[in-house]
Amino acid sequence: MRYRKLGRTGLVVSELCLGTMTFGGDDFWRVIGALQQDAANELVRDAFAAGVNFFDTADVYSSGVSETILGQSIKALGVGRDEVVIATKAFGRFYAPASGGAADAQEVFARRQKSHNTWGLSRKHLFDAVDASLKRLAMDHIDLYQVHAFDPVTPLEETLGALDDIVKSGRVRYIGLCNMAAWQIAKSLGISARKQLARFESAQMYYTIAGRDLGFSRASTSATPPVRMTRAA
């Protein structure tokens with residue numbers, strides 16, 4: 001396995017990152033994958049043995065179940081928390097019935113669909129989301145906290161200010177972005193530099209042989225200070 005630093009940071013990650021969108025598989029997520037705890041433990045163990053130290057999830061994956069399973073898989077490894085790099089994301093809306101059952105799922109989802117504060121990148125939602133992710137992961141900090149998409153409603157200054165405060169609180173070490181256009185990335189980096197806030201150190205983008213938009217839109221940010229590009233496929 002080869003390793004490299006994440007962006008401008010001193011954080012060293014494996015070139016291959018294990019994504020965990022397939023963990024859990026509740027509801028429509030089952031179409032993507034439905035790995036349960038035992039199978040996930042085995043996959044994480046094999047990846048770690050092969051040199052992978054970088055694991056990525058998101059709060060919306062299987063409505064939070066992916067984070068829970070990943071946290072338990074890391075615990076089952078029996079290694080130090082400093083031996084792995086954990087990344088997760090915030091933005092999307094999902095439902096998580098308190099009972100954990102499906103009986104009231106539709107009712108809960110319908111109610112949350114009407115709420116304006118259960119998604120996005122506002123200070124309120126980010127503070128709520130990071131605490132919820134930490135609880136599901138059963139960890140005291142997240143190494144890389146990524147915004148899952150651009151929020152056209154919330155000012156970038158509010159989002160970046162909130163993320164900076166979360167970093168300063170110790171709950172998050174570094175911040176990253178996903179699925180943003182070149183101008184959105186450039187504007188974000190400019191605000192962080194001007195206001196001396198924590199900056200995005202990574203950019204996770206969709207890129208495959210069939211989907212190559214990244215090369216035309218986001219790569220133009222290469223003239224800005226370096227942001228480590230990670231590929232999601």
Restricting the first residue to the stretch 9-37 and requiring it to be under 11 Å from Thr57 (Cα atoms), which pairs with a second residue that is surrounded by 19 or more Cβ atoms within 10 Å (Cβ to Cβ) and aromatic (Phe, Trp, Tyr) meet a Cβ separation below 6 Å and a spacing of at least six or different chains? Cys17/Phe54; Leu18/Phe55; Met21/Tyr61
Output the qualifying pairs, or none if there are none: Cβ atoms under 7 angstrom, residues six or more apart or on different chains, first residue in the stretch 120-148 and more than 22 Å from Ser14 (Cβ to Cβ), second residue at pLDDT below 95 and assigned to a helix (DSSP H, G or I). Arg136/Gly64
Given Ile185, Ile166, which one is under 15 Å from Ser122 (Cα atoms) and surrounded by 19 or more Cβ atoms within 10 Å (Cβ to Cβ)? Ile166
Which residue, of Asp164, Asp151, is out of contact with any Asp or Glu (no Cβ under 8 Å at 6 or more places or on another chain), outside any strand (DSSP E or B) and free of Cβ contacts under 8 Å to residues at least 40 places away in the same chain? Asp164
Of all the residues that make up the stretch 167-202, how many are over 19 Å from Asp59 (Cβ atoms) and either of a type outside the set (Gly, Ala, Ser) or in contact with an Asp or Glu (Cβ under 7 Å, 6 or more places away or on another chain) (or both)? 14
Just a yes or no: is a residue in the stretch 89-105 modelled with pLDDT of 95 or more, of a type in the set (Gly, Ala, Ser), surrounded by 14 or more Cβ atoms within 10 Å (Cβ to Cβ) and touching a strand residue (DSSP E or B) at 6+ places or on another chain (Cβ under 6 Å)? no
Residue count, the stretch 144-163 (criterion: buried (at least 23 other Cβ atoms within 10 Å of the Cβ) and within 30 Å of Ala76 (Cβ to Cβ)): 4
Apart from one, (1) at pLDDT 95 or above; (2) within 13 Å of Ala90 (Cα to Cα) all hold for Thr154; the odd one out is (2)
Matching residues in the stretch 130-148 (closer than 25 Å to Gly190 by Cβ and part of a helix (DSSP H, G or I)) number 1
Here the residues within the stretch 23-36 that are touching a helix residue (DSSP H, G or I) at 6+ places or on another chain (Cβ under 8 Å) and surrounded by 16 or more Cβ atoms within 10 Å (Cβ to Cβ) are Phe23, Gly24, Gly25, Asp26, Trp29, Leu35
Going through the stretch 42-68 in order, the residues found to be farther than 20 Å from Asp26 by Cα and aliphatic (A, V, I, L, M) are Ala47, Ala49, Ala50, Val52
Which numbered condition Lys75 misses (of (1) in contact with a helix residue (DSSP H, G or I) (Cβ under 9 Å, 6 or more places away or on another chain); (2) part of a helix (DSSP H, G or I); (3) modelled with pLDDT of 95 or more): (1)
Lone unmet requirement of (1) in contact with a Leu (Cβ under 7 Å, 6 or more places away or on another chain); (2) crowded, with 19+ Cβ neighbours inside 10 Å; (3) closer than 23 Å to Ala203 by Cβ for Phe48: (3)
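The values are calculated or read from the model by the stated rules, or taken from the named source; none is laboratory data. Worth saying up front: this structure is predicted, and the values here are computed from it rather than measured. Here Cβ is always computed from backbone atoms with ideal geometry, including for glycine, and neighbour counts include all displayed protein chains.
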